[in-house]
1. In the range A:207-288, which strands (runs of 3 or more DSSP E) lie fully inside it and hold 1 or more residues that are of a type in the set (Lys, Arg) and closer than 30 Å to A:Ser31 by Cβ?
2. Keeping to the range B:278-311, report how many residues are under 23 Å from B:Met205 (Cβ atoms) and outside any helix (DSSP H, G or I).
3. Take the residues of the range A:165-181 that are of a type in the set (A, V, I, L, M) and open to solvent by less than 10 Å² (accessible area, probe 1.4 Å): which is farthest from ligand 2 (Cβ to nearest atom)?
4. One residue is enough: does the range A:348-356 have a residue meeting the conditions surrounded by fewer than 24 Cβ atoms within 10 Å (Cβ to Cβ), within 16 Å of ligand 1 (Cβ to nearest atom) and not in a loop (DSSP other than H, G, I, E, B)?
5. Just a yes or no: is a residue in the range A:5-26 open to solvent by 50 Å² or more (accessible area, probe 1.4 Å), within 16 Å of ligand 2 (Cβ to nearest atom) and more than 27 Å from A:Glu232 (Cβ to Cβ)?
6. For A:Gly65, state whether it is at pLDDT below 90 and either surrounded by 14 or more Cβ atoms within 10 Å (Cβ to Cβ) or more than 14 Å from chain B (Cβ to nearest Cβ) (or both).
7. Listed residues A:Val383, A:Val408; which is within 16 Å of ligand 2 (Cβ to nearest atom), crowded, with 20+ Cβ neighbours inside 10 Å and not acidic (Asp, Glu)?
8. Restrict the check to the range B:207-222 and report whether at least one residue is away from chain A (no Cβ under 14 Å), open to solvent by 20 Å² or more (accessible area, probe 1.4 Å) and without any contact (Cβ under 8 Å) to a residue 40 or more places away in the chain.
Amino acid sequence: MNTELRIEKVSKSFPGVKALNEVNLTMKGGSVHALLGENGAGKSTLIKIITGVYRADSGVLKTNGEEKFFNSPVEATDAGIAVVHQERNLIPEFSVEENITLHHPPTKFGIVDRAERTRLARQALETLGFDIDLNERVKNLSVAQMQLVEIAKALVTNAQIILLDEPTASITSGETIKLFDVIKRLKESGTAVLFVSHKLEEVYEICDTVTVLRDGESILESKPLSEYKQGEIVDAMVGRHLADRKVELRKVNRSVEPVMQLTDIHTALGHEKISMSLYPGEVLGMYGLVGAGRSELARSVLGLHGISSGELKLNGQVVEIKSLRDALHKHRIGYVTENRKEEGLFLDFPVRKNISVTILSKILKKLGVISFQEEDSVSTKYVDRLGIKVVDNNQLAGTLSGGNQQKVSVSKWLAADTKILIIDEPTVGVDVRTKASFHELIVELANEGLSIILISSDLAEMISLADRILVMRDYQLVGDLDNSKDYTTMSRGIMTAIHSA
Amino acid sequence: MSPLTRIRRIVGDQRVVLTLLTVGLFLYFGMKNSAFFSTDFVIYPLLRDGAVLTVIGLAQLCALSIGHLNLAVGRMAAVAALAAGASYQYWHLALIPGLLIGLVTGALLGAITGWMIVKSQVNAFIVTLAMDFALLGFVTFIYVTFTGATAAFTTKPAGMEYWRNTSLHQYCIAGHCGPRVFPMMLVPAIIALILVGFMYAKTRMGRELLATGSNLRAAKLSGIPVDRRVIMAHTLSGLLAALAGVMLAFTNGSFTASIGSQFMLPSFLGPVLGGTLLVGGAVQVLGTFIGTMLTLVIRQGLSVQGIGLETLNIALGLVLLTALSLGQIQKMFTSIRMRGRT
Ligand SMILES: Nc1ncnc2c1ncn2[C@@H]1O[C@H](COP(=O)(O)OP(=O)(O)OP(=O)(O)O)[C@@H](O)[C@H]1O
Ligand SMILES: [Mg+2]
């Protein structure tokens with residue numbers, strides 16, 4: 001029988017929000033179904049209802065004709081549903097191999113069959129064409145590698161229904177191509193795939209049908225994707241027509257002293273001969289494939305790992321940054337981490353306290369008492385500006401949708417009023433509209449004199465935002481391109497830099 | 001907010017439930033045996049013990065706020081009491097200066113503990129456990145060496161009786177006198193509650209401690225000096241343990257090695273029943289007082305029932321386990337709600 005999963009009139013409320021309101025969706029074997037919507041539209045909630053993480057308030061779930069909701073993720077897995085959740089669910093202390101086979105470890109006489117386990121895990125990674133050490137502990141992997149492990153983990157189960165919640169958010173185009181090859185193969189073999197992404201180009205490349213959610217309602221329900229133009233899909237998500245944003249070339253004065261200059265930096269992590277300059281008001285992009293060493297460079301320079309030789313100058317002065325605290329308070333440099341869950345957010349703090357954490361020293365009254373009024377106004381400002389979807393700014397950060405968590409994690413650094421901001425993958429999982437307003441904000445800040453180093457694996461974002469693009473490969477700089485902001489020529493230039501020896 | 005949600009929120013607040021439970025049990029025990037309502041023999045001592053145990057609960061709460069444990073609270077209290085006692089005995093200090101010496105001793109012990117945790121990167125559990133053993137040996141050694149068989153400093157500074165035995169009843173305004181059940185010992189406990197509560201709710205220090213407890217890496221990346229905050233939390237823990245130690249010595253009327261030996265369990269019960277998270281990042285200061293009073297009412301209530309010591313201990317243990325697991329279950333639900341996004 002052909003695989004089919006049907007959702008009928010499913011509703012779900014959380015305190016203060018109706019996350020889903022009578023949503024319908026039908027996905028079929030041999031087809032890839034796009035689930036789209038802005039941040040907080042209800043996509044992840046729907047996936048969690050299908051997989052038994054949350055219980056629906058009302059509605060029906062039919063899997064291959066059988067009408068029932070799963071009571072737990074285990075039941076869903078047993079029924080042949082595999083899922084990659086938006087937030088990673090790996091066990092940091094376990095090896096890659098152990099994580100991949102976590103749900104179904106192969107056993108012999110009740111004991112884990114290690115050889116078989118290695119075989120399974122290796123096979124999963126090989127089908128995907130990913131090269132990761134099977135014995136490495138997951139906590140030592142980069143965010144992108146963790147994402148790849150998560151995908152491999154879903155694929156080993158041989159499920160008939162696969163739900164992918166933003167699987168490509170933190171991997172680069174190279175890995176995405178490999179993933180799509182696998183999805184295409186799955187599709188041919190009759191698997192039903194649900195695909196969530198904010199990158200519409202990808203959606204058009206791989207998906208056949210589409211459902212669009214807006215504020216918990218299904219605006220388009222299981223329609224053939226080819227009948228809609230990209231603009232129409234965006235309009236459906238946003239609820240009104242969104243004008244195309246024009247990209248502008250900015251003028252950066254490079255005849256002055258750079259605000260930050262690296263000369264021949266080497267690090268213990270393996271960076272070699274890194275030299276670069278950042279000028280006042282410049283948006284300097286750093287592009288590279290996963291594992292190129294961009295975040296590691298930033299973290300080394302900021303004193304998290306340390307540098308082994310070379311010179312770091314800030315405004316012409318040679319300095320050594322010992323810790324992030326030094327960076328922030330002495331040199332006014334901020335670092336927005338790519339790893340929001342582990343390093344960016346206090347999940348059990350309200351949004352308000354998350355945003356104000358970098359500026360506590362500025363909103364103090366007497367006796368070290370925090371001015372709640374100022375805290376409130378600062379956080380409200382960013383909540384409004386980035387359109388963070390909250391009930392109020394006392395909502396716990398852990399209960400926000402993934403994209404909205406990302407916005408909170410970035411906000412606290414925008415609020416910090418720094419001179420240099422290093423932003424690592426700022427728009428991972430952020431929807432089209434917010435991305436645009438976020439880009440505007442970055443340009444605005446740069447125009448006000450903030451110097452920005454932008455690390456992003458999103459090529460389109462890089463090309464529309466950066467003034468200059470550095471290309472990194474294997475812990476070395478292999479390209480330095482002036483950005484003409486023309487996608488075709490720039491992407492070609494960058495790819496040449498990455499692939500030429 | 002609709003009245004219904006408001007009611008739901010009030011009923012859902014662990015502190016309200018705890019208060020109702022405490023008062024309910026109190027009335028229940030009193031009805032079963034009216035001796036339980038005796039001001040002098042039950043309620044006054046109960047509140048006086050409650051004062052001491054609340055302060056030791058706060059000491060533990062400070063460590064819990066950053067996600068650590070302080071298994072040495074009892075022994076830190078003992079050393080602080082020893083220092084205060086010795087200063088009364090040998091230097092004939094007045095009450096307040098001696099108390100200050102005790103407090104400084106406790107704070108120093110806490111600071112050293114915190115420093116060792118930061119420098120060695122060893123889990124607080126292990127470090128405070130080791131500290132507890134070391135201090136236990138030290139305390140016994142000092143008492144035995146200096147006081148021989150009595151094993152106690154017995155010099156009572158002037159004013160000790162006042163804190164031990166008197167109540168607000170002695171203060172009258174326009175013919176209205178304070179209640180006789182209100183021990184003076186509650187005054188330092190209330191001050192500690194207010195200060196600690198104020199710190200966690202309103203100040204930058206409190207916020208940074210909680211941030212450190214909530215997510216150490218995020219706190220570090222946000223420019224919070226996490227090492228110093230860890231030391232600070234343990235310093236405060238030591239300081240409050242010292243206060244509790246001296247308060248207990250005053251209550252007992254002498255400074256002995258056994259001070260603090262009964263502190264460990266209550267130090268966790270108060271905060272945890274009151275809603276403080278064991279994993280750090282959230283504290284309930286007032287809840288600590290309520291949680292402490294609940295455990296005391298249960299203990300006293302059962303003993304007034306004339307239940308034998310062994311049975312009493314068993315019953316007490318069971319009641320506390322139940323209460324704890326209830327609290328724990330409730331907390332699990334809150335944290336599932338909070339971290340629902342897997
Ligand atoms: N555990 C929860 N408690 C309270 N509110 C929640 C919880 N989980 C989700 N929500 C709310 O439900 C709404 C939908 O969230 P959901 O995570 O489904 O969005 P999403 O479409 O996946 O967004 P994104 O693109 O940002 O990942 C949001 O307003 C979110 O704040
Ligand atoms: Mg989501």
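1. Strands (runs of 3 or more DSSP E) meeting the threshold: A:209-214, A:217-224.
2. Here the count works out to 7.
3. A:Leu179
4. Yes: one or more hits.
5. Yes, the conditions are met somewhere in the range A:5-26.
6. yes
7. A:Val408
8. no
The values are calculated or read from the model by the stated rules, or taken from the named source; none is laboratory data. The structure displayed is predicted, hence computed values, not measured ones. A quick note on method: Cβ atoms are made from the backbone with ideal geometry, for glycine too, and the neighbour counts reach across all protein chains shown. Side chains are part of the model used for accessible areas, which takes the heavy atoms of the whole protein and leaves out ligands, DNA and RNA. Shrake-Rupley method; radii C 1.70, N 1.55, O 1.52, S 1.80 Å.
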